[in-house]
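Contents: one structure, followed by commentary.
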Amino acid sequence: MNELLQKSPEEMAGLQFSCSCGKTHSIDIKGVRIGSNILSDIRNYLKEFEKGTLLFIADSNTYEAGGREVESILSEDFKLEKVIFPNPHLHPDEEALGQLQGAMNSNIKAIVVVGSGTLNDLVRYLSYETKIPYVVVCTAPSMDGYASMVSPLITKGVKVTYDAVYPYSIIADLSIMKEAPFHMLHAGLGDIVGKYSALADWKLANILHGEYYCEITAQLVEKAVQQCVDSASGIMARSPESIRSIIEGLILSGMCIGMTGSSRPASGEEHLLSHTWEMLGLIRKQETHLHGNQVGIGTEIILHIYQYLLTLDIDKVYADGKFRSFTREKWEQNIKSLFGNVAPQIIQKKAPFINFTAAKREKAAQHIVQKWDELKTNVFLTMPSPISYLKMMEEAGSKLTPLDLKLDRESFRLSLLTAKEIRQRFGVMQILEDLGILEETVERITDFYYS
């Protein structure tokens, strides 16, 4: 398996292998092409669709960034139907998806999307739904969804992750991506370094609940993170080498989601925080930062929490028994206070996974205490310090902090308390709740930023 860790994303496309985790992993992507001035290569990945019509999708920004050139190249050999979204600040919601669904017809044999986050999320789900393959032309190294098999979409105001499909091919032109706005470059870095938190959550769930865990996949993600961290200082110079490292890391991370059949290797509490802040923006009709930028902010917060966990006397925490005072009424009230009309959906979906009875809460707390040393050795102590993390982000030119979310103190506090409720997934915030110290830990973090 050491050979696998040396492969580039281009070499991993189409790979299938039996893993020591017990699964057979496959990466059903026809091809990945990363390089400079390579847009014309897209023809090579669409040859089998030459007799059909292509649906060409972009927004007003991505059309100018590379879409116009891609359209010119494809129009020589293909009949094109187009959807160009006039609003570059698109949300992956029912309205946008409905517009794409309405553009589909029986003549369309493949989809070409030129763009990054939201466009890719929408088209990936559209491809899954219609079984029409799609090729993505990356315009910014801003998120890890290019090679993913899930699509986070907004349904009735809630960010929900849906099953989706690998792209048929990925074209990543460095000459285009390195010209992306700096906040998009920093978003890609933020999405990748969020894997510190995601992998930690995955390991916690494995140790405490026996959840499936693949060591090879985890190592591949760790490789992607390290590659990006090592290149971070070159972002402000728009170094092609740094941009290549980031896009390779992002594509590799997405492949790992497909390999495991879960977003576990790439998404943890830091992603739930970002999704929560995005949902709040929609509810309050306020602009938010890009997903990856917010993931970077969320990662900083989670690293502070891990640092705090290292200071705890776990026997004293158990003896204090604060987990016994947990009530469903207070749990629901926190969700309602933050999410308003969206809260009932969240409560209905998450309530069956919460330990409300005294016996279950006692058992959960005891189990964490018994596993504490293992958690400390295999998870807590492996995390970078908040100081080293912030130093790396500053060297990359990314200076966003939780205060840049423009949330009032109470909304920020409630977001930390309730972000974990938007998914049925175990993570570090659930450990805090199971020990009865979530409220005080969140108050401590909130004071750190708002005092």
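Things to note:
- Label assignment, Cα extents along the principal axes in Å derived from the structure, set [x] 72, 52, 46; [y] 73, 48, 41; [z] 71, 54, 38: [y]
- Cα-derived Rg to Rh of the range 13-73, Kirkwood definition: 1.12
- In degrees, nearest ten, helix 438-450 long axis to first principal axis of the chain (Cα): 70 degrees
- Restricting the range 369-451 to trypsin sites (Lys or Arg not before Pro) in coil, as DSSP defines it, with at most 10 other Cβ within 10 Å: LYS399
- Dipole check for the range 304-451: with +1 at the C-beta of Lys and Arg, -1 at the C-beta of Asp and Glu, and the Cα centre as origin, the magnitude is about 520 Debye.
- For THR155, the amide hydrogen comes within under 5 Å of the amide hydrogens of VAL160, counting only partners 5 or more places away or on other chains and with H modelled in the peptide plane.
- Against the chain, whose longest principal axis is taken from its Cα atoms, helix 195-209 shows a tilt of about 50°.
- Three-way shape call for the range 268-450 based on the alpha-carbon gyration tensor, with the a/c threshold at 1.5: oblate
- Rounded to 5, percent antiparallel among DSSP beta bridges of the chain: 25 percent
- Value at 222 nm in deg cm²/dmol, rounded to 500, when DSSP H runs of n ≥ 4 in the chain each add -39,500 (n - 2.57): -16000 deg cm²/dmol
- Based on alpha carbons, the Rg and Dmax found for the range 388-433 are 13.9, 36 Å.
- The fraction of all Cα pairs in the range 9-179 landing in successive 5 Å bins from 0 to the largest distance is 1, 8, 18, 22, 22, 15, 8, 4, 1, 0, given as whole percents.
- Listed peptides 250-260, 330-340, 167-177 by packing density, highest first (mean Cβ within 10 Å): 250-260, 167-177, 330-340
- Listed residues THR62, LEU126, HIS89: farthest to the positive end of the dipole of the range 9-179 (Cβ charges): LEU126
- Distance between the C-alpha centres of the range 377-402 and the range 146-181: 25 Å, rounded to the whole angstrom.
- Assigned charges on the beta-carbon of Lys, Arg, Asp, Glu; the range 334-375 dipole about Cα centre (debye): 240 debye
Throughout, read-outs are computed from the coordinates displayed, never taken from laboratory work. What you are looking at is a predicted structure, and each value in this text was computed from that prediction instead of being measured. Cβ sites come from the backbone with ideal geometry, for glycine too, and all protein chains shown count toward neighbours.
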